[in-house]
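Asks: Questions regarding the structure given below will be posed in turn.
The values are calculated or read from the model by the stated rules, or taken from the named source; none is laboratory data. Only a predicted model underlies this, so the values are computations on that prediction, with no experimental measurement involved. Glycine also receives a Cβ, built like all others from the backbone with ideal geometry; neighbour counts cover every protein chain displayed.
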Amino acid sequence: MSSPALRMVLAAVVLLLIGACSDGDPLDSRASSAARQDQLNVPRAVHRATVLDDGRVLFSGGCTRPGCEGFDRGRASELFDPASESFTPGPEMTTARAGHTATLLEDGRVLLVGGYSGEGQLALTSAEVFDPATNGFVAVGELSVGRADHSATMLPDGHVLVAGGTTGRRDALASTELFDPQSNRFTAGPPLTVPRSGQAAVFTEGQLVLIGGTADADAAVATTDVLQDGSWSPGPPMRQARIKHAASVLPDQTVLVIGGATSTEGRDLLASTEILNIPAMRSAPGPDLSEGQYKLEGAVTALQDGRIVITGGTRIDVYDPATGEMSVLTDPPVPRRSFISASTIAATSVLVAGGYDSNISPTAAARIIEVPKAT
């Protein structure tokens with residue numbers, strides 16, 4: 001458990017809020033914020049952080065040593081309690097994994113699917129569930145094919161649709177599978193219109209939408225796929241091809257697509273955003289981030305008031321859908337991390353934890369960021 005001495009309250013700091021008007025000019029304003037520091041029990045990157053129904057945050061898997069080694073140590077999960085602002089060791093997972101998905105089910109359990117069991121290994125076919133009632137992990141039925149860099153989204157009927165991904169052979173999959181939480185088994189789902197890996201996935205307007213990714217394990221794509229009535233069809237094209245980006249549903253059910261890169265290796269980081277209107281089949285430009293950011297899966301979270309917090313750079317960006325503007329928290333400075341996690345733990349409180357540092361070493365650093373209230 002983290003010592004209370006590790007949690008120090010930083011002084012209130014002045015933040016420069018940088019937004020974007022419709023003509024692209026910056027808009028400046030000021031506010032203040034505070035941060036509290038803590039530490040994971042295990043350094044982690046490429047892990048998953050899942051907010052449970054009781055408000056605690058489950059940390060599962062990840063790389064725990066430099067260069068994405070130390071998967072076995074990542075089998076030890078941990079739980080963050082926002083009431084005490086402390087981390088406690090959790091139960092061991094059935095399988096060491098990183099780059100998996102973690103989906104909160106309707107019954108409060110968490111489904112972990114696929115990922116990698118080690119650097120250079122093929123993707124896993126295994127899956128498991130964490131049950132808060134028993135405080136344990138249990139293996140469930142296996143996938144038909146190993147998957148990593150896939151998406152896993154809960155549908156309105158409680159099933160989870162696992163889509164695309166890669167087997168680890170520099171390929172992209174067009175197949176999907178459905179997880180039934182009653183039987184704990186996977187069955188074949190409807191195939192995608194094109195192979196897709198590294199996509200973002202959201203559920204909006206009664207439809208599951210897959211956004212961007214890659215079809216050849218290299219170049220990003222600008223296409224989207226929409227699932228409705230049991231089959232996929234092409235959705236609105238993006239203005240920019242993206243991979244290792246993020247997407248978040250806004251209060252009006254449009255979708256904010258955030259950052260990413262033009263290739264899997266991140267040769268060109270993107271600071272741009274765009275807003276997809278799925279029924280209208282169109283995309284409009286959104287405000288720019290303060291810097292190019294990618295490897296954003298898990299690094300973006302929504303506040304209770306609908307604002308979107310983006311934590312994948314050296315500063316924290318906040319998008320306000322009420323104004324259409326992007327602001328930036330310039331203090332406290334945040335060292336650049338990749339494959340970090342961000343979890344909303346209170347109305348305006350975000351827990352940012354783990355990730356790789358500039359030397360590709362996983363970090364145990366954790367910080368609670370208090371985002372200024374919207375004005």
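Asks: Which is surrounded by 23 or more Cβ atoms within 10 Å (Cβ to Cβ) and under 20 Å from Ala102 (Cβ atoms), of Gly165, Gly141?
Replies: Values: Gly141 fails: surrounded by 23 or more Cβ atoms within 10 Å (Cβ to Cβ).
Of the residues listed, the single one that is surrounded by 23 or more Cβ atoms within 10 Å (Cβ to Cβ) and under 20 Å from Ala102 (Cβ atoms) is Gly165.
Asks: Checking Ala98 against (1) surrounded by fewer than 22 Cβ atoms within 10 Å (Cβ to Cβ); (2) in contact with a helix residue (DSSP H, G or I) (Cβ under 7 Å, 6 or more places away or on another chain), which test does it fail?
Replies: The one condition Ala98 does not meet is (1).
Asks: Could you tell me whether Leu173 is within 20 Å of Phe203 (Cα to Cα), under 21 Å from the mean Cα position of the chain (by Cα) and of a type in the set (A, V, I, L, M, F, W, C)? Quick ask: steps written out before the conclusion?
Replies: Values: within 20 Å of Phe203 (Cα to Cα): no; under 21 Å from the mean Cα position of the chain (by Cα): yes; of a type in the set (A, V, I, L, M, F, W, C): yes.
When the stated conditions are applied, Leu173 does not pass them.
Asks: Can you go through Ser77, Ser84 and tell me which one is touching a residue at least 60 places away in the same chain (Cβ under 8 Å) and out of contact with any helix residue (DSSP H, G or I) (no Cβ under 7 Å at 6 or more places or on another chain)? Steps first, answer last, please.
Replies: Working: Ser84 fails: touching a residue at least 60 places away in the same chain (Cβ under 8 Å).
Of Ser77, Ser84, the one residue that is touching a residue at least 60 places away in the same chain (Cβ under 8 Å) and out of contact with any helix residue (DSSP H, G or I) (no Cβ under 7 Å at 6 or more places or on another chain) is Ser77.
Asks: Given the structure, is Val226 touching a Phe, Trp or Tyr at 6+ places or on another chain (Cβ under 8 Å), among the β-branched types (Val, Ile, Thr) and either closer than 24 Å to Gly324 by Cα or touching a residue at least 12 places away in the same chain (Cβ under 8 Å) (or both)?
Replies: Numbers: touching a Phe, Trp or Tyr at 6+ places or on another chain (Cβ under 8 Å): yes; among the β-branched types (Val, Ile, Thr): yes; either closer than 24 Å to Gly324 by Cα or touching a residue at least 12 places away in the same chain (Cβ under 8 Å) (or both): yes.
Considered against the rule, which asks whether it is touching a Phe, Trp or Tyr at 6+ places or on another chain (Cβ under 8 Å), among the β-branched types (Val, Ile, Thr) and either closer than 24 Å to Gly324 by Cα or touching a residue at least 12 places away in the same chain (Cβ under 8 Å) (or both), Val226 comes out as yes.
Asks: Of everything in the range 226-244 that's assigned to a strand (DSSP E or B) and within 19 Å of the chain's Cα centre (by Cα), which residue is nearest to Leu296 (Cα to Cα)? Even if it seems obvious, please write down each step before you answer.
Replies: Of all residues in the range 226-244, those assigned to a strand (DSSP E or B) come to 226-228, 231-234, 242-243.
Now drop any that are not within 19 Å of the chain's Cα centre (by Cα), which leaves 242-243.
On the way: Arg242: 11, Ile243: 9 Å.
So the residue we want is Ile243.
Asks: What's the number of the condition Thr363 fails, among (1) β-branched (Val, Ile, Thr); (2) in contact with a Ser or Thr (Cβ under 9 Å, 6 or more places away or on another chain); (3) in a strand (DSSP E or B)?
Replies: Thr363 satisfies all of (1) β-branched (Val, Ile, Thr); (2) in contact with a Ser or Thr (Cβ under 9 Å, 6 or more places away or on another chain); (3) in a strand (DSSP E or B) except (2).
Asks: Which residues, counting only those in the range 79-108, are under 18 Å from the mean Cα position of the chain (by Cα) and at negative phi? Spell out the reasoning first.
Replies: Our first condition is that a residue be under 18 Å from the mean Cα position of the chain (by Cα); within the range 79-108, this holds for 79-80, 97-105.
Of everything in the range 79-108, those that are under 18 Å from the mean Cα position of the chain (by Cα) and at negative phi turn out to be Leu79, Phe80, Arg97, Ala98, His100, Thr101, Ala102, Thr103, Leu104, Leu105.
Asks: Inside the range 50-76, can you point out the residues that are surrounded by 24 or more Cβ atoms within 10 Å (Cβ to Cβ) and farther than 12 Å from Gly115 by Cβ?
Replies: Phe59, Thr64
Asks: Is one or more of the residues making up the range 339-349 in a loop (DSSP other than H, G, I, E, B) and touching a His at 6+ places or on another chain (Cβ under 8 Å)?
Replies: First, pick out the residues of the range 339-349 that are in a loop (DSSP other than H, G, I, E, B): 339-340, 347-348.
Checking the rest, the ones that are also touching a His at 6+ places or on another chain (Cβ under 8 Å) come to 339.
Yes, some residue in the range 339-349 is in a loop (DSSP other than H, G, I, E, B) and touching a His at 6+ places or on another chain (Cβ under 8 Å).
Asks: Next question, about the same structure. Does Val328 satisfy the condition of being over 18 Å from the mean Cα position of the chain (by Cα) and touching a residue at least 40 places away in the same chain (Cβ under 8 Å)?
Replies: Spelling it out, Val328 is indeed over 18 Å from the mean Cα position of the chain (by Cα) and touching a residue at least 40 places away in the same chain (Cβ under 8 Å).
Asks: Return the only residue of Gly90, Gly146 being part of a loop (DSSP other than H, G, I, E, B), in contact with a strand residue (DSSP E or B) (Cβ under 7 Å, 6 or more places away or on another chain), modelled with pLDDT of 95 or more and surrounded by 19 or more Cβ atoms within 10 Å (Cβ to Cβ).
Replies: Working: Gly90 fails: part of a loop (DSSP other than H, G, I, E, B).
Just a single option satisfies the conditions, and that option is Gly146.
Asks: Give me a count of the residues in the range 196-222 that are at pLDDT 95 or above and within 15 Å of Pro279 (Cα to Cα). Even if it seems obvious, please write down each step before you answer.
Replies: Taking the range 196-222 first, the residues at pLDDT 95 or above are 196-204, 207-215, 219-222.
Keeping just the survivors that are within 15 Å of Pro279 (Cα to Cα) gives 202-204, 207-211.
Selection size over the range 196-222: 8.
Asks: Okay, moving on. Evaluate the range 324-341: report whether one residue or more is among the aliphatic types (A, V, I, L, M), under 25 Å from Glu69 (Cα atoms) and either in contact with a Gly (Cβ under 6 Å, 6 or more places away or on another chain) or surrounded by fewer than 16 Cβ atoms within 10 Å (Cβ to Cβ) (or both). Steps first, answer last, please.
Replies: Our first condition is that a residue be among the aliphatic types (A, V, I, L, M); within the range 324-341, this holds for 326, 328-329, 334, 340.
Those still in the list that are under 25 Å from Glu69 (Cα atoms) too: 334, 340.
Next cut, either in contact with a Gly (Cβ under 6 Å, 6 or more places away or on another chain) or surrounded by fewer than 16 Cβ atoms within 10 Å (Cβ to Cβ) (or both) only: 340.
Yes; the residues of the range 324-341 include at least one that is among the aliphatic types (A, V, I, L, M), under 25 Å from Glu69 (Cα atoms) and either in contact with a Gly (Cβ under 6 Å, 6 or more places away or on another chain) or surrounded by fewer than 16 Cβ atoms within 10 Å (Cβ to Cβ) (or both).
Asks: Could I ask something else about it? Give the residues of the range 171-192 that are among the hydroxyl-bearing types (Ser, Thr, Tyr) and buried (at least 17 other Cβ atoms within 10 Å of the Cβ), sorted by residue number. Give the steps one after another, and end with the answer.
Replies: Quick first cut of the range 171-192, residues among the hydroxyl-bearing types (Ser, Thr, Tyr) only: 175-176, 183, 187.
Correct list: Ser175, Thr176.
Asks: Would you mind finding the one in Gly198, Gly212, Gly146, Gly158 that is among the small types (Gly, Ala, Ser), free of Cβ contacts under 8 Å to residues at least 60 places away in the same chain and in contact with a Lys or Arg (Cβ under 9 Å, 6 or more places away or on another chain)? So that I can check it myself, show each step before the final result.
Replies: Details: Gly198 fails: free of Cβ contacts under 8 Å to residues at least 60 places away in the same chain; Gly146 fails: in contact with a Lys or Arg (Cβ under 9 Å, 6 or more places away or on another chain); Gly158 fails: in contact with a Lys or Arg (Cβ under 9 Å, 6 or more places away or on another chain).
Gly212 is the lone residue from the list that is among the small types (Gly, Ala, Ser), free of Cβ contacts under 8 Å to residues at least 60 places away in the same chain and in contact with a Lys or Arg (Cβ under 9 Å, 6 or more places away or on another chain).
Asks: Moving on. List every residue pair whose Cβ atoms sit under 7 Å apart, with the two residues 6 or more apart in sequence or on different chains, where the first one lies in the range 171-188 and is farther than 15 Å from Gly146 by Cα and acidic (Asp, Glu) and the second, anywhere, is crowded, with 16+ Cβ neighbours inside 10 Å and at pLDDT 95 or above.
Replies: Asp180/His159
Asks: Now for a separate question. Tell me, which residue of the range 117-138 that is outside any loop (DSSP other than H, G, I, E, B) and surrounded by 14 or more Cβ atoms within 10 Å (Cβ to Cβ) is farthest from the chain's Cα centre (by Cα)?
Replies: Looking only at the range 117-138, we keep the residues that are outside any loop (DSSP other than H, G, I, E, B), and these are 123, 127-131, 136-138.
Checking the rest, the ones that are also surrounded by 14 or more Cβ atoms within 10 Å (Cβ to Cβ) come to 123, 127-131, 136-137.
Values: Ala123: 19, Ala127: 19, Glu128: 19, Val129: 19, Phe130: 19, Asp131: 21, Gly136: 23, Phe137: 21 Å.
That would be Gly136.
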